[in-house]
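Q: Okay, handing you the structure first.
Every number here is computed from the coordinates shown, using simple stated rules; none is lab data. Here the structure is a predicted model, which is why all the values come from computation and not from measurement. Cβ coordinates were reconstructed from backbone atoms using ideal geometry, including for glycine residues, and neighbour counts include every protein chain displayed.
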Amino acid sequence: MSAMVPMDPARAVTTTALRVMKSAQRPIVMITAYDTPSARLVEEAGVDVILVGDSLGMTVLGFGSTLPVTLGDMVRHTAAVTRGAKRALVVADMPFMSFQVSEEEALRAAGRLVAESGAAAVKLEGGAHTAPTVRRLVQAGIPVMGHVGLTPQSVHQLGGYKVQAKEADAAATLIDDCLALEEAGAFAVVLECIPAELAALATAQLTVPTIGIGAGEGCDGQVQVFHDLLGLGGEFLPRHAKRYADVGALVREAVTAYADDVRGHAFPGEEQSTHMDAATLENVRSTRGRRLRRVGGSGTEA
Ligand code: KIV
């Protein structure tokens, strides 16, 4: 089978399947989606994992960061995604403050994402300090994906969206973080915006897959944000992203054509219209006619 073809197009992707892909060196394809139509489309394209990222705060809800995203937002959007995706593994992000306060709160929040929204797994940001929470969720039967490197929920502490772990100490800590997450039972770890060499080293140390974003090609898989890939995020494109289509331009063109048609009386046409027979129309006119505008070409009846 070609490396371009997904694992088994008929079978639901599981966390075990991702580990098999790592050992078989088959790159794991992950992308974000936030609603039913986008989930359907990315699944039809054969992705392995759909992440309902808290990036939805920026891509869909118009905030400047992921911090205002609530658990309610995540529950609603994850449920929309699972209605559109039957095969890909759906992972829901745990939003800011849904898992940091206590393990109990984290368990309740993750439980809602799985039970109410149908997510197969959750993702949470942070290194070794989150390991006890990861372990608790895994013990409760909830698969957890870790996320280290640039962790956007800590943007204020990190001083911006910058490449992380460039120095030796921070790089060594990142490897320790990955190992702690794996030891706690995480089934995969996202590596965001770290040097490619470090990502490759972490990938080689772990038995669970790594999924990179801005972490070079030495990871077991890659994740990208739907809106970046498709040109739906405005002019700005992060350095780690690649635009594969300009869907934004297509949308603008189509909506401009629609507006022109409406203003030029070219839409709706006969194909989009239905009619009633003349006798019925006359009946309506005779009972309500004085209050109705005359239709069909003879102007307005007062
Ligand atoms: O929220 C998100 O989209 C993410 C990815 C960038 C990994 O966490």
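Q: At q = 0.09, 0.16, 0.17 Å⁻¹, what base-10 log of I(q)/I(0) does the Debye formula yield for region 1-123 when every alpha carbon is treated as an equal point scatterer in vacuo?
A: Results for region 1-123 at q = 0.09, 0.16, 0.17 Å⁻¹ read -0.25, -0.75, -0.83.
Q: So, one more: What is the order of 169, 48, 73, fewest Cβ neighbours within 10 Å to most? Numbers along the way, then the final one.
A: Numbers: 169 8, 48 22, 73 18.
With the sparsest Cβ surroundings first, the list reads 169, 73, 48.
Q: Using 1/(1 + (r/R0)^6) with R0 = 30 angstrom and r between the beta carbons of residue 63 and residue 10, what's the FRET efficiency to the nearest 0.05?
A: So the FRET efficiency works out to roughly 0.20.
Q: Given that compact globular proteins tend to follow 2.2 N^0.38 Å, what is the ratio of the alpha-carbon Rg of the chain to that value?
A: Rounded to two decimals, the normalised Rg is 1.30.
Q: Need the full-extension length gain, residue 83 to residue 285, defined as separation in residues times 0.36 nm minus the C-alpha distance. One decimal, nm.
A: Here the answer is 68.1 nm.
Q: Find out how many positive minus negative residues lie around residue 125, taking Lys and Arg as positive, Asp and Glu as negative, among other residues whose Cβ is under 12 Å from that of residue 125.
A: Result for the neighbourhood of residue 125: -3.
Q: To make sure I understand, if each residue's beta carbon is the centre and we count other beta carbons within 10 Å, what order do 78, 36, 16 fall in, fewest to most?
A: 16, 36, 78
Q: Expressed in whole Å with the largest first, what are the equivalent ellipsoid semi-axes of region 132-224 derived from the C-alpha gyration tensor as the square root of 5 times each eigenvalue?
A: So the three semi-axes of region 132-224 are 20, 15, 12 Å.
Q: Take the alpha carbon atoms of region 51-66, find their center, do the same for region 121-156, and report the distance between the two centers in whole angstrom.
A: One Cα centre to the other: 18 Å.
Q: Along region 40-55, what does the Karplus equation 6.51 cos²θ - 1.76 cosθ + 1.60 (θ = phi - 60°) give for ³J(HN,Hα), rounded to whole Hz, x for Gly and Pro?
A: 4, 5, 5, 5, 4, 7, x, 5, 8, 10, 10, 9, 8, x, 6, 4
Q: Here is a further query. Average the reciprocal distances over every distinct pair of alpha-carbons in region 149-280, invert the result, and give the Kirkwood radius in Å.
A: Details: mean 1/r = 0.0544 Å⁻¹.
One decimal place: 18.4 Å for the Kirkwood radius.
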